[in-house]
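Comments concern the structure below.
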Amino acid sequence: MVVVMGKKIVVSTDGSALGNPNGPMGWAWADHDTHAGDGRIPGHEHDSKGYDAGGATNGTNQIGELCAVLQVLRAHPGPEPLLIESDSQYAINCSTKWLKGWKKNGWRNSQKQPVKNVEVIKAIDAEIAKRPGPVDFKWVKGHAGNAGNELVDQLARSYAQQCRNGSQDGYLPLEGWQSLLNSPYAKGTDVPPDAQLLLDRAAKAAGPQPEQGSMLVHSTTTGELEPEPDATPDAVIGSKTRTRTGKNAAKSTTKRASKHDTSKGKASAEELIPDRDGATGLPRNPRAADTSTSTTAATQQPPAQPARPANTPTPSGLKVSGEVRFSPAPKTSPYFTGESMRVRGYIAVDGFVDGDGNLTITDADFLR
């Protein structure tokens, strides 16, 4: 098969984290051609605005940079040559030379530790491999008057700000959520319901996962990760950076339908350096039983029944039939693929049932 290549597509990308690491983060890409989407110029499989942006309440600029690259590849999947401009040497190296070595080593770094942000990096590798046209990267100096770089920096930073003040929900590719939630910065992250559905579906498809007590450790001294030329934390806007932990996390539960809380151990000095690997581990669970309990006492006592957690929904014997409409509709979500989305949960009903058993439900809460 002969692939006919068209005009080269040039796209700028950037990632931002307010108070990096573990501040609200953003990502963005923007076409250099204007009005290229909606079929106006071949190779642009996106809408007419010519850019996209997203982010989350927690994260790092590394995750943001990688998400921007991944989304560019998915928005430009054709045979046209694609040039991605980035001010992140980390993102470029992850997508090119480091990736080759990691694949050979089973996605382990030079210290034999799991590669950080591996979910996004694997997705980038897959998109480049299946793309008919060539993909090249070009490093540009950040904050130096490059029009494309300035635009995506503004878009990424703006989305991070909106995630911080709650005016925007988090928006990442599935692999971005996975990398974030497997990182030391998952605590207090707000995950929108539509993204959580995709995560649940992916987890189910992947099969049983390691128990929470298993330790996952990232290297603090990987030789591959060199600091970026402008590897300084993005400026914190105002005097405070809000992350949803502690009391803030409790306040946000009425606003967000889903939340991940993964404890982070004591930070090493290396973790505080932007664009470097950080040491992390999931907390171990306490032992399920006290091994000092005598076997004699155990045989004399009936087996304890597991206590039902408070407020756990229980079957009532009543059945509810009829159509249910979810709002907002799945098609309004940036994650909508055109397929039906499976949901599992409970409907909170508060109303009056007439003698025939009829009840009109309006804006009932869906519980998970």
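Read-outs: derived from the displayed coordinates by stated rules, not from any lab. Because the structure is predicted, anything quoted here is derived from the model rather than measured. Positions of Cβ are generated from backbone atoms using ideal geometry, with glycine treated the same way; all protein chains shown enter the neighbour counts.
Computed packing ranks the peptides 114-126, 72-84, 16-28 as 16-28, 114-126, 72-84, most packed first, by mean other Cβ atoms within 10 Å.
The packing ranking of peptides 30-42, 46-58, highest mean first, is 46-58, 30-42, where packing means the average number of other beta carbon atoms within 10 angstrom of each residue. Size descriptors for the range 32-142: radius of gyration and Dmax over Cα atoms are 14.8, 48 Å.
The Asn358 and Lys204 beta-carbon pair, evaluated with R₀ = 41 Å, returns a calculated FRET efficiency of approximately 0.70.
Pairs spanning more than 31 Å between alpha-carbon atoms, out of Lys8/Lys187; Lys100/Lys331; Lys7/Lys141; Lys8/Lys100; Lys97/Lys331: Lys8/Lys187; Lys100/Lys331; Lys97/Lys331.
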